[in-house]
Amino acid sequence: NLCSGNSRYGIEVRDQARPELVANHCENNQQDGIAYFNSAAGVARDNLCSGNSRYGIAVRDQARPELVANRCENNQQDGIAYFNSAAGVARENLCSGNNSYGIWIEGQARPELVANRCQDNREGDIFTRPSWGCILLGIVIILILILAIVWFFIYLFY
């Protein structure tokens, strides 16, 4: 299938849908080549997602697809992007020539990355950014450690 030039997504997978997407060309769409939302899953294999205004493949919410041997090239942002609590597996994908990163992971997303090839992306190959919850937890732990050290020295010298 050729899914090209759409005002949003080349292919949109929502709710509990679990399609097998094989050998599609999702090119030059105004948002993403393939977009997974909600609790969607299934398999995307051997797709070309190129020249999209945002991501080649975007996985959001609690979606957990298996992404295998896709080519995500020359997208305006990232080749493959995971958001929210998304998961699943990305295996043997090629992410190259994207304007930002090959693979972007943020929030509480926890995909399994296996043997992907990321090359020639403008900002870098793989980027991870924890959620604010993780950052705040780290700050709280540091503050507790500082208070414990201060308390130890007060106890030691008095």
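The values are calculated or read from the model by the stated rules, or taken from the named source; none is laboratory data. The shown structure was predicted, so the numbers you read here are calculated from the model rather than taken from an experiment. Backbone-built Cβ (ideal geometry, glycine too); neighbour counts: all protein chains shown. To get the accessible areas, we keep the full protein, side chains included, count just its heavy atoms, and leave off ligands, DNA and RNA. Shrake-Rupley method; radii C 1.70, N 1.55, O 1.52, S 1.80 Å.
Table for the structure above
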{"item": "Of Val114, Val13, Val89, the one that fluctuates the most in a GNM where the chain has Cα springs shorter than 10 Å", "result": "Val114"}
{"item": "Förster radius 35 Å - calculated FRET efficiency between Val114 and Ile144 (Cβ-Cβ, nearest 0.05)", "result": "0.45"}
{"item": "Karplus-derived 3J(HN,Hα), 6.51/-1.76/1.60, for each residue of the range 64-78, Hz, glycine and proline x", "result": "8, x, 9, 10, 10, 6, 8, 10, 10, 10, 6, 8, 5, 10, 10"}
{"item": "Amide H partners (placed H, <5 Å) of Phe127, local residues excluded", "result": "Ile103, Trp104, Ile105"}
{"item": "Amide hydrogen neighbours beyond the local backbone of Gly42, cut-off 5 Å, H modeled", "result": "Glu66"}
{"item": "Prolate/oblate/rounded label for the range 1-120 (Cα gyration tensor, a/c 1.5)", "result": "rounded"}
{"item": "Global geometry of the range 1-54, whether rounded, prolate or oblate, following the gyration tensor of its Cα atoms and the 1.5 cut on a/c", "result": "oblate"}
{"item": "Length released on extending from Ala17 to Asn1, taking residue separation times 0.36 nm less the Cα-Cα span", "result": "3.9 nm"}
{"item": "Whole-angstrom gap from the range 142-158 to the range 7-23, using each part's C-alpha centre", "result": "54 Å"}
{"item": "Cβ-defined net charge surrounding Gln76, 13 Å radius [Lys, Arg +1; Asp, Glu -1]", "result": "-3"}
{"item": "Integer Hz, Karplus 6.51/-1.76/1.60 couplings in order for the range 112-127, x for Gly and Pro", "result": "8, 9, 10, 6, 7, 10, 10, 8, 6, 8, 4, 8, x, 8, 10, 10"}
{"item": "Whole-number accessible area per residue in Å² for the range 29-131, which is evaluated in the context of all protein chains at 1.4 Å", "result": "39 Å²"}
{"item": "Amide proton proximity set for Ile11, modelled H, under 5 Å, gap of 5+", "result": "Ile34, Ala35"}
{"item": "Total formal charge among the other residues, if their Cβ is under 13 angstrom from that of Ser53, Lys/Arg +1 and Asp/Glu -1", "result": "-1"}
{"item": "Extension reserve of the Ser85-Glu123 stretch, reckoned as 0.36 nm per residue once the Cα distance is removed", "result": "11.3 nm"}
{"item": "Sum of side-chain charges, Val89 neighbourhood, beta-carbon under 9 Å (Lys, Arg +1; Asp, Glu -1)", "result": "0"}
{"item": "Karplus (6.51, -1.76, 1.60) ³J(HN,Hα), θ = phi - 60°, over the range 96-111, in Hz, Gly and Pro reported as x", "result": "9, x, 7, 6, 10, 10, x, 10, 10, 10, 9, x, 9, 5, 9, x"}
{"item": "Portion, in percent, of the accessible area of the chain that falls on carbon or sulfur, probe 1.4 Å", "result": "54 percent"}
